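One structure is given below, encoded as structure tokens.
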Amino acid sequence: MLYDKEKFITSIKKVLGAIFKEKKKDAIVNIFADVNRLFSKFIIGKIIDSLIIGVVCTIGMIIFRMPFPPLVGFIVGVTNIIPYFGPFIGAGIGALIILVVNPVQTLWFLVFILVLQQIDGNILGPKIVGESIGMSAFWVIFAILIGGGLFGIVGMILGVPVFAFIFAFFKSLINRKIEQNEKMEI
């Protein structure tokens with residue numbers, strides 16, 4: 001699908017052109033372009049957040065003299081990309097690796113990861129992802145809570161980009177309405 005992306009997009013535009021008038025077709029294409037842009041920015045923000053978490057984990061492990069900091073930090077960073085379950089997977093794999101070398105440090109590693117993930121989930125992640133898609137950290141947390149409450153895990157994963165799209169749609173709608181009102185006053 002990615003290989004033939006341009007052909008796929010051209011075909012969809014032709015189908016939309018056959019079904020809708022030009023103005024409607026362009027509006028639909030613009031909506032899908034906005035969705036694509038928001039999802040791309042969300043994924044880039046999530047990758048940046050995960051990279052930071054991986055680096056901080058590695059540095060923290062070096063400071064606390066834990067075994068295999070680069071390996072475990074890499075695993076924690078990569079699995080952090082996975083929404084909701086990723087931090088648990090990374091912590092579990094990291095704990096198993098450390099358990100083989102030093103069982104006592106496994107407990108300290110888990111405490112360290114718990115603190116790191118709390119900071120990431122409540123402060124760092126919402127700020128980075130929010131800035132990448134143009135929403136405040138409050139709205140990111142709000143979208144995750146509402147998405148999770150309504151649709152469970154899938155809602156937590158898709159809540160932020162879907163809410164960002166809805167947010168951008170209504171913002172655009174309001175701005176157009178304000179412009180129309182200003183033109184009518186003149």
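The values are calculated or read from the model by the stated rules, or taken from the named source; none is laboratory data. This is a predicted model, so every value here is computed, not measured. Every residue, glycine as well, gets a Cβ built from its backbone with ideal geometry; the counts of neighbours run over all protein chains shown. Ligands, DNA and RNA are excluded from the accessible area calculation, which covers all protein heavy atoms including side chains. Shrake-Rupley method; radii C 1.70, N 1.55, O 1.52, S 1.80 Å.
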Subject >> Within the accessible area of the chain (1.4 Å probe), percent carbon and sulfur >> reply: 74
Original post:
So what's the Cα pair-distance distribution over the chain, bin width 5 Å, in %?
Top reply: 1, 8, 13, 15, 13, 12, 12, 9, 6, 5, 3, 2, 1, 1, 0, 0
Subject >> Cβ-Cβ FRET estimate between Ala27 and Val55, R0 fixed at 30 Å, reported to 0.05 >> reply: 0.10
Original post:
How high is the FRET efficiency between Phe170 and Ile93 when r is their beta carbon distance and R₀ equals 41 Å, given to the nearest 0.05?
Top reply: 0.50
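At 1.4 Å probe radius, can you tell me the per residue accessible area of the chain in Å²?
67
Take every Cα pair under 8 Å in region 42-99 that's 6+ residues apart, average their separations, divide by the length, and report that relative contact order as a whole percent.
32
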Subject >> Accessible-area ranking of Arg37, Arg65, largest first, probe 1.4 Å >> reply: Arg65, Arg37
